[in-house]
Amino acid sequence: MQVDKADAVGKNMMEKIAIVIRRRSMGKNLLFSHLKLITTDDDGNEKKRTGDATEDTIIQAVFRRHSPVWEIRHDNAFPTKNSALPYGAVIKVQLHCGNNETSLASSENDCPKYEVIRWFMLMDPRAEALKDASKNIKSEEDESGISQHLYFKSRMNQFLKYNESQERKERKVKPLHEDITKFDNSMAHGDKKHKAMRAKLFAAFLVDLFGPQMFQDNPLILDVAGGKGMLSLELSLRCQSQCTIIDPLIRGKNDKQQFTSRAMKLIKQVNGRMPTHLAQFFGLNEKCLKLVRQSTMLVGLHPDECTEDILDAALLTNKPAAIIPCCVFASLFPERKLKNGTPVCSYDDFLSYLMEKDDRIKKFELPFEGKNQALVFDPR
């Protein structure tokens with residue numbers, strides 16, 4: 001039976017090199033993609049168009065995890081999210097031609113005739129965009145930063161390269177009196193209003209818990225993965241704290257972190273201090289640990305991948321820390337397990353995993369929507 005199935009797949013199988021020009025994820029088991037088939041030279045580089053119509057053929061392919069043709073042993077390569085199969089990526093793909101179809105689908109309205117058996121990434125366009133966004137950008141610590149503006153500009157250019165004729169979707173106009181109480185509690189991030197409110201509430205919580213003295217008298221607060229610096233700005237407004245934002249993305253067009261004129265005006269009115277910015281990744285390396293030892297405390301408001309590193313750095317250096325975890329990244333950190341051996345897959349598992357590191361870590365619930373569980377380590 002298995003042999004017959006393999007023979008059937010083999011007869012209708014073809015292997016192509018293609019560019020992902022569009023894709024739509026429908027969950028963990030289904031994804032649709034438009035692929036532009038390309039031909040390559042002996043070195044693997046894309047050949048220029050020579051008038052051959054097959055060099056500009058666009059087909060529709062479907063990824064189905066539970067399809068009889070999908071190879072189960074490659075489940076770890078299944079693109080469960082759009083980001084796992086970025087547009088502009090060059091991939092080698094093995095396709096099963098359904099219903100013995102030999103003609104390629106060129107119309108956008110045609111149903112997909114091709115199912116993916118397996119695929120391999122040959123070129124990740126995000127890596128190229130990161131290179132473009134990090135050229136000639138150096139932080140004060142001589143660390144390479146990444147210009148957010150240049151990165152997204154590069155990714156947009158890559159998208160428009162294959163989708164120039166696609167019309168932009170009309171932006172939905174929000175009602176004048178939006179009910180902000182109608183917010184999905186399962187969301188981790190939310191809109192700008194909720195993000196700003198989170199920073200205010202977290203800053204107030206930190207000052208109440210640790211006392212204003214902790215944030216005054218020339219402290220150095222490390223705001224790890226601080227993004228636009230809203231938490232640092234709130235601490236500066238409340239206590240005139242000196243905060244340093246550690247984040248690889250540079251949010252500004254002049255290769256330097258930029259804050260809004262309103263924020264700068266408010267800080268000037270209270271005689272506060274503008275946060276500084278270090279364009280670098282945070283991790284358990286000697287350079288970052290040196291910064292931690294020189295600091296007063298570490299904070300992180302939804303710091304994503306470096307959440308555990310913040311807590312580990314605080315424990316190693318015996319520095320106070322307060323974080324609000326958000327995303328679990330179970331597939332990115334499969335080695336995380338609770339003390340009872342259970343893999344860390346859910347948000348509650350992640351909180352328990354972090355708290356198991358030290359009995360002195362306490363959990364607090366903050367009064368805002370979304371991921372609002374704060375973990376605090378206070379060695380004093």
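The values are calculated or read from the model by the stated rules, or taken from the named source; none is laboratory data. All of these numbers come straight from a predicted model, not from anything done at the bench. Virtual Cβ from ideal backbone geometry, glycine too; neighbours counted across all protein chains shown.
Quick notes
- Listed here are the strands (runs of 3 or more DSSP E) enclosed by region 296-380 that have at least 1 residues being β-branched (Val, Ile, Thr) and under 17 Å from the mean Cα position of the chain (by Cα): 321-324.
- The residues listed here are CYS111, CYS97; of these, the one that is surrounded by fewer than 19 Cβ atoms within 10 Å (Cβ to Cβ) and modelled with pLDDT of 80 or more is CYS97.
- Output for region 200-252, where each listed residue is among the charged types (D, E, K, R), part of a loop (DSSP other than H, G, I, E, B) and under 21 Å from the mean Cα position of the chain (by Cα): LYS228, ASP247, ARG251
- Flag if PRO325 is more than 19 Å from THR244 (Cα to Cα), surrounded by fewer than 17 Cβ atoms within 10 Å (Cβ to Cβ) and of a type outside the set (Ser, Thr, Tyr): no
- Of residues in region 20-58 being modelled with pLDDT under 85 and aliphatic (A, V, I, L, M), the one farthest from the chain's Cα centre (by Cα): ALA53
- If you go through region 231-244 and keep only what is surrounded by fewer than 24 Cβ atoms within 10 Å (Cβ to Cβ) and among the aliphatic types (A, V, I, L, M), you end up with just LEU237.
- Among (1) without any contact (Cβ under 8 Å) to a residue 24 or more places away in the chain; (2) surrounded by 19 or more Cβ atoms within 10 Å (Cβ to Cβ), the one test that GLN269 misses: (2)
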